[in-house]
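The next block holds one structure in the form of structure tokens; read it before the comments.
The values are calculated or read from the model by the stated rules, or taken from the named source; none is laboratory data. Remember, predicted model here, so these are calculated numbers, not experimental data. Backbone-built Cβ (ideal geometry, glycine too); neighbour counts: all protein chains shown. Ligands, DNA and RNA are stripped out before the accessible areas are found, and what is left, the full protein with its side chains, is counted by its heavy atoms. Shrake-Rupley method; radii C 1.70, N 1.55, O 1.52, S 1.80 Å.
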Amino acid sequence: MGEERKYAMGTEAVWGGEEGLFEGNATQVPVVHSVSFGYEDMDEWLDVALGKRPGHIYTRNTNPTVAVFEEKVRLLEGGEAATSASSGMGIISNALFALLKPGDRVVSVKDTYGGTNRMFTEFLPRVNVDVTLCDTTDHAAIEAEVAKGCTVLYLETPTNPTIKVLDIERLARAGKAVGAVVMADNTFATPVNQNPLAQGADLVLHSATKYLGGHADALGGVAVGSAELIKTIYSYREIVGNVLEPMSAYLLLRGMKTLHLRIERQNANALEIARFLEGHPGVERVFYPGLKSHPGHEIARRQMRGFGGMLSFVAKGGTYADACRVLSGLKLARRAANLGAVETIAGPPATTSHVECSKEERAAMGIPESLIRYSVGIEDVEDLKADLDRALRQDA
């Protein structure tokens with residue numbers, strides 16, 4: 001653990017953490033379902049329990065299959081260590097509660113994922129953690145709040161679902177100046193497109209359920225950062241019992257072997273679809289950082305290698321009913337509360353990213369009721385464009 005990435009991103013996605021053979025000369029990572037791991041030699045058992053030698057004791061703590069998954073993500077993100085949890089919100093909540101105590105302060109933005117936003121507006125204040133949420137596009141305002149002092153600066157870029165872009169390097173400098181831990185949710189970008197640790201963040205988080213797995217069949221979350229930070233989060237996570245199940249870890253590993261290929265295709269498809277939608281009469285506005293019209297385009301060009309497979313757009317008319325009309329007309333999109341899979345997925349924030357929030361709360365975050373979050377899959381882009389065109393033109 002802690003070694004640098006030896007290969008290019010595409011090669012590491014396949015081989016990272018998997019060099020050599022496994023038990024019984026298996027070429028694929030075994031799914032180890034055993035709850036516990038036995039030792040005939042008591043001294044060896046004690047050394048493993050004390051962390052003096054590698055090994056596993058109990059799957060709530062560590063597991064061989066899960067360890068390979070964590071190592072692959074660690075290599076892709078370029079951190080010293082990684083730990084996982086049963087879901088994206090599992091790792092986010094565990095990281096926040098592990099690093100914060102009553103009286104601490106968090107600075108973040110208004111546009112975080114709905115579950116994360118609820119952590120900031122409801123659960124952390126319950127334990128006397130002060131939270132300040134800033135206008136996501138006002139970097140100067142964020143810097144000013146950070147300068148007042150904070151324990152954690154929490155970033156998400158691109159944001160969910162309005163695809164806003166934050167300057168990680170600039171804001172990380174502000175956080176470091178006051179000794180804050182800079183956390184960055186990299187779920188939308190993926191390690192293929194962006195590496196927040198290389199831009200100054202201390203901790204990078206993923207809902208592995210999304211792009212890392214890529215097939216909508218396994219839940220998981222993962223955090224990557226310094227050995228010290230990860231040890232703190234791991235120590236909390238193992239006691240709370242928020243465990244990534246070995247079969248889920250295996251499915252995520254299998255999905256990650258095609259991560260680089262999938263993201264390349266989704267990047268290309270999303271950019272072409274965003275350009276198509278920007279000129280469509282049935283669309284009022286498109287949110288995608290690859291468009292020159294996007295306010296964060298120049299930041300995205302500087303800190304991202306690709307603009308991602310996520311976009312959102314506002315259907316003409318401006319009401320929730322208008323969004324539902326378009327969504328009902330789509331044939332090549334799952335209407336579901338997920339994203340990042342090989343098939344295209346679409347839905348409104350009211351039933352996906354911000355289902356926990358009221359209409360008024362979504363409006364305060366700048367999320368239009370007619371907004372459609374569109375997770376672009378790996379299908380033929382011409383088919384996707386034709387499908388969108390039919391749905392947008394019906395009853396127009």
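Given their separation in residues at 0.36 nm each and the Cα-Cα distance between them, Asp47 and Arg302 gain 87.1 nm when the chain is fully extended. Which net charge results when you count Lys and Arg as +1 and Asp and Glu as -1 among the other residues whose beta-carbon is under 10 Å from that of His139? Counting the neighbours of His139, the net charge comes to -3. In the chain, a dipole from Cβ-located charges (positive for Lys and Arg, negative for Asp and Glu) runs towards its positive end, and of Ala82, Leu271, Gly55 it is Leu271 whose Cα lies farthest in that direction.
Here the range 1-83 was treated as a single set of alpha-carbon atoms; its pair distances binned every 5 Å from 0 give 3, 14, 21, 22, 21, 13, 5, 2, 0 percent. Potential lengthening of the chain between Arg5 and Lys231 amounts to 79.3 nm, from the contour at 0.36 nm per residue minus the alpha-carbon distance.
Averaged over its residues, the chain has an accessible area of 42 Å² per residue, based on protein heavy atoms and a 1.4 Å probe.
Taking Lys and Arg as +1 and Asp and Glu as -1, the other residues whose beta-carbon sits under 15 Å from that of Tyr39 total -3. In percent, rounded to a whole number, the relative contact order of the chain is 16, using alpha-carbon pairs under 8 Å and six or more apart. Taking the Cα centre of the chain as origin and assigning +1 to Lys and Arg Cβ atoms and -1 to Asp and Glu Cβ atoms, the resulting dipole is close to 900 debye.
If both residues of a DSSP beta bridge must be in the chain, then about 60% of such bridges are antiparallel.
Each eigenvalue of the Cα gyration tensor of the range 53-106, multiplied by 5 and square-rooted, gives one semi-axis; in descending order these are 24, 14, 11 Å. Put +1 on the Cβ of each Lys and Arg and -1 on the Cβ of each Asp and Glu in the chain; which of Ala140, Gly318, Ser108 then has its Cα farthest toward the positive end of the dipole? Projecting each Cα onto the dipole axis, the largest value belongs to Gly318. Taking the Cα centre of the range 175-299 as origin and assigning +1 to Lys and Arg Cβ atoms and -1 to Asp and Glu Cβ atoms, the resulting dipole is close to 180 debye.
Of Lys257/Lys331; Lys72/Lys210; Lys101/Lys164; Lys72/Lys257, which pairs sit farther than 18 Å apart, going by alpha carbon to alpha carbon? Distance filter (> 18 Å) returns Lys257/Lys331; Lys101/Lys164. Using θ = phi - 60° in the Karplus curve 6.51 cos²θ - 1.76 cosθ + 1.60, the 3J(HN,Hα) couplings for the range 374-384 round to 10, 8, 6, x, 9, 5, 5, 5, 5, 5, 5 Hz; x is entered for Gly and Pro. Computed from point charges on the beta carbon alone (+1 for Lys and Arg, -1 for Asp and Glu), the dipole magnitude for the range 1-127 about its Cα centre is near 820 Debye. With the charge dipole of the chain set up from +1 on Lys and Arg Cβ and -1 on Asp and Glu Cβ about the Cα centre, the Cα lying farthest toward the positive end among the listed residues Tyr236, Leu388, Ala333 is that of Leu388.
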